[in-house]
Structures are given as C-alpha cells and as structure tokens.
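Notes follow once the structure below has been shown.
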Amino acid sequence: IAWVLSYMKAGRASTYALYVLRRPGSVGSFTDWATFEKYFLAEFFPIDPAKSAALALRNREQYGQGKRTLDEYIDFFWALVEQAAYPDGLQLCLMFWDGLHPALMEHIDNFAEDHPDDEQIASWYKVAWDQWQLMEIWWELRWAHPAPCSTSMVTLRHPAFPHSGPAPAPATPAP
C-alpha cells in the first residue's frame, strides 16, 4: 500500500496520499489490500458516474472547450456523453456547439461550406475539426508572412492559439 501511495505525486492523488500517510496508524490502518481499495475507490470514483457526467453536461463551464485543443475537447465531451448515455440528436449537437471556443464558432458560421447534420454529433465533430485545421493554417500563414501595418502585432494575436509563440513587441514610431 505504501508503494502505491508513493506514486501519487500530483493533484488530488497527492493530497490523498499525504492524508493517508499522516493520519494515526498510517498505512497500517488498512488491514488488507481490499480495505485500501474500498477507501481508494470511494475517494476517486463517483458513486453514480452517469449522473455526474449528465450534471457536467448541464454546465458549459465544466465541459466547454475553453483553453483545450479541439482534440481534447472532443475527447472530453465524448467521454461525458458516453458516461451519461446521452442519445445522439439535436440537444447533444447544441451542447457541443455551445461548448466550442467562440473563435471556432464564428469560423464555422462564416466559412463552413456544409452545415453539420443537427441530429448526428459525428458530423459536428468533423466540421469543427475541419474548421479548426483551417484556422490553424490561416494563423500559421499569417504569422509566417505578416502584412506590414502601423499597428502593433499584439492586436492580431488570437486567443485560440496560445502555442503561436510570444507576441512581437509593438513597433516603435520613428522620431
């Protein structure tokens, strides 16, 4: 048990390991592996994963893309949908749309040639993925060949692409 706890070094797992190791009786308070496993599962696994996932899908702040990549968002959203056993359909597609990064939502509205099927979440995944790729290409080209302008390049940075490197310093006007 102490060996397992020694690998819990980050986040909630680290906090749990410290709690177990510092309490009276420490690791010895678990009479056997089954007792430890029971407490461990109670600490880290929800009692009703389907209900927990369904509740998370009701709160865009919990399931939305935010600063995640589109791949991470789709994977996370898909896992919640599977756990909650949500059926495919309009409501699910609207939740996915609502969780997308605002810049991607705008890009889909303005540039997507085909509107995704509102009853098939897979079509939304594909359109979002295609548009995300186009956005990344556009931004890479934009930074590789910036147009000359008198304004600071800082204003041209896009929040959806934090990996695009540090913002260039603002241009200093000639005396």
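Taking only protein heavy atoms and a 1.4 Å probe, the accessible area of region 1-131 is 57% carbon and sulfur.
In sequence order, region 10-15 has phi-based couplings of 9, x, 4, 4, 5, 4 Hz under the Karplus curve 6.51 cos²θ - 1.76 cosθ + 1.60, θ = phi - 60°, and Gly or Pro positions carry x. Per residue, how many Å² of accessible area does region 1-131 show with a 1.4 Å probe? For region 1-131, the solvent-accessible area averages 65 Å² per residue.
The values are calculated or read from the model by the stated rules, or taken from the named source; none is laboratory data. From a predicted model like this one, the values you see are computed outputs, not experimental measurements. Remember, those area values only see protein heavy atoms, side chains included, never the ligands or the DNA or RNA. Shrake-Rupley method; radii C 1.70, N 1.55, O 1.52, S 1.80 Å.
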